[in-house]
1. Any residue at all in the stretch A:32-46 that's loosely packed, with under 10 Cβ neighbours inside 10 Å and modelled with pLDDT under 90?
2. Those residues that are in contact (Cβ under 8 Å) with a residue 60 or more places away in the chain, part of a helix (DSSP H, G or I), surrounded by 22 or more Cβ atoms within 10 Å (Cβ to Cβ) and within 14 Å of chain A (Cβ to nearest Cβ), I need them from the stretch B:378-410; list them, please.
3. Taking residue B:117 and the conditions (1) open to solvent by 30 Å² or more (accessible area, probe 1.4 Å); (2) among the polar types (S, T, N, Q); (3) in contact with a Leu (Cβ under 7 Å, 6 or more places away or on another chain), which numbered condition does it fall short on, given that it satisfies the others?
4. Tell me whether the stretch B:463-474 contains one or more residues that are within 30 Å of residue B:65 (Cα to Cα) and either within 10 Å of chain A (Cβ to nearest Cβ) or part of a loop (DSSP other than H, G, I, E, B) (or both).
5. Which residues, taken from chain A, are of a type in the set (Gly, Ala, Ser) and more than 8 Å from chain B (Cβ to nearest Cβ)?
6. I'm checking my understanding of the structure. Among residues of the stretch B:292-317 that are more than 22 Å from residue B:385 (Cα to Cα) and within 22 Å of the chain's Cα centre (by Cα), which one is surrounded by the most Cβ atoms within 10 Å (Cβ to Cβ)?
7. Just to be sure before I move on: is residue B:207 part of a strand (DSSP E or B), open to solvent by 10 Å² or more (accessible area, probe 1.4 Å), within 14 Å of chain A (Cβ to nearest Cβ) and at pLDDT 95 or above in the structure I sent?
8. So, in the stretch B:79-119, how many residues would count as being over 11 Å from residue B:5 (Cβ atoms), charged (D, E, K, R) and not in a strand (DSSP E or B)?
Amino acid sequence: MIVRNPFGQNYYAAVPTKLTRSLRVNLIWQLFRFLVINIKMLRMVRKH
Amino acid sequence: MARLLILGGGIAGQTAALHARKKLGHQHEVIVVTPNSKWNWIPSNIWVGVGMMKTEDVTFDLAPVYKKSGITYLQAKALSINPEGEGSSSTPFVTIEYTSPEKKGVTEKVKYDYLINSTGPKLNFDATKGLGPEKNSYSVCTPSHATEANHHLQESIQRMKKGEKQTLLVGTGHGSCTCQGAAFEYIFNVEYLLRKENVRDKANVLWISNENELGDFGMGGMHIKRGGYITHSRVFTESLYAERGIDWITQAHPKEVEKTQLSYETLDGEEKTVSYDFAMLLPPFSGVGLKAYNKVGEDITPTLFAPSGFMKVDADYTPKTYEQWSPKDWPETYQSPVYKNIFAVGIAFAPPHAISKPTVNPNGIPIFPTPPRTGMPSGVMARQVAFNIADMINGKADEPTRKASLARMGAACIASAGANMLNGTAVSMTMYPIIPDFEKYPEAGRDLHYTTGEIGLAGHWIKFLLHYAFIYKAKANPFWRVVPE
């Protein structure tokens, strides 16, 4: 639970919704992201 | 027969040595001079700093690896370079001083045909009064520093378990620091550990850095496409800090670190203090202090090295304003402009200027990050330099042909934000190019197709995998070349 202090530093920051936070640790979704990130990184490696 | 001498056995030095050895026939010699007996996978030191790994998990003995690879290993530190030889001899050499227990303190002149300087940085704790593990703050730059940091972190956690409130301060210990990414990883691993130990409510976790804004990371940050917008990395970095309840101080130049208080100056010129119970503050880097002498023994250190102690290479070091900076300023072959058989890679080469826009406070103190040149880019430039030297030794080329400019190189970076295989997270970032090119990419300075960032468990899996993959590679185990830099 994020406590927002009016005019404090974190008052203006974008914070993830409950869905976003759960997807970040959802095993099936993250397995898919694992593949995607690895492909992105390999593409980067191949560029030099 | 030719001799390639490599100073330093870190990520760049090890990469250069293994690739050069593979490319050169055994009539040629590859020598590595490094003061350490162990190789260290530095990115995982942050996990040593939170007790998740031990020193032996992030290090291994260098001697057996060099022996099986056919590389001569001298456990010593380099003191000076004589690129023109000495007296009647024109054979260049490096003066070294052994650090191994058997020959400690003995000096020797090691001749070379080609030299790669990959000495890495000197951890310049003396730049800030009271900074460093021998004084009033901790560090995760080496396994021993990280072990000590963890010891004191655990003490803080024990106090919290007894009901005491603790303030944990993490960040950079000087206005010119680099490697904000390492401190970033540490603060989020600490925060994760506090939640795991059920003491998060007892801790005030605070970030301090010389970045102009969060998410700068010494690269001026980066822009990514997300949710229909092009947003700066500041947005997702601030988001992570807010989500985890971490407050931040930016634009700060620490002036004095005391036992429980840090005095710092801001970009506005204000003098402020912050109190803490535990502080992990990274030091600024400088060159390791190598000297250089010409044939008659005159000091030519300024010819080879920049005032920072890093080696001058084929970069454009003409003083320029931020508006005049160009991607062409950055080196391509890492060859010394004066001595063509000398190269410098990794942190050891002198960058032409920063990547983040320089800022100076009203008291004349520069407060901005110096450019990071560790990890993946460091390995790539070391490989290319090793290939170029091998080509020249093998008679395939007269000069370096392969280039590895940071202005035409991408990077992938995984920053751990909590280490656990089921509920850990890491920030996975890719960017291209590392040096922004606003002529080619006017929108954001980088290719938005290749510049990405996301947070999730997958990043932790990759970070964990890379830990083992890079140690496997550095040990020169079978098929090590399959693992990319």
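1. yes
2. B:378, B:379, B:380, B:381, B:382, B:383, B:385, B:406
3. The one condition residue B:117 does not meet is (1).
4. yes
5. A:8, A:22
6. Step by step, filter the stretch B:292-317, then rank; the result is B:308.
7. Here the answer is no, as residue B:207 does not meet what is asked.
8. 4
The values are calculated or read from the model by the stated rules, or taken from the named source; none is laboratory data. Owing to the predicted nature of the structure, the values given are computational and were not obtained by experimental measurement. Cβ coordinates were reconstructed from backbone atoms using ideal geometry, including for glycine residues, and neighbour counts include every protein chain displayed. SASA here: full protein model, heavy atoms, side chains in, ligands and nucleic acids out. Shrake-Rupley method; radii C 1.70, N 1.55, O 1.52, S 1.80 Å.
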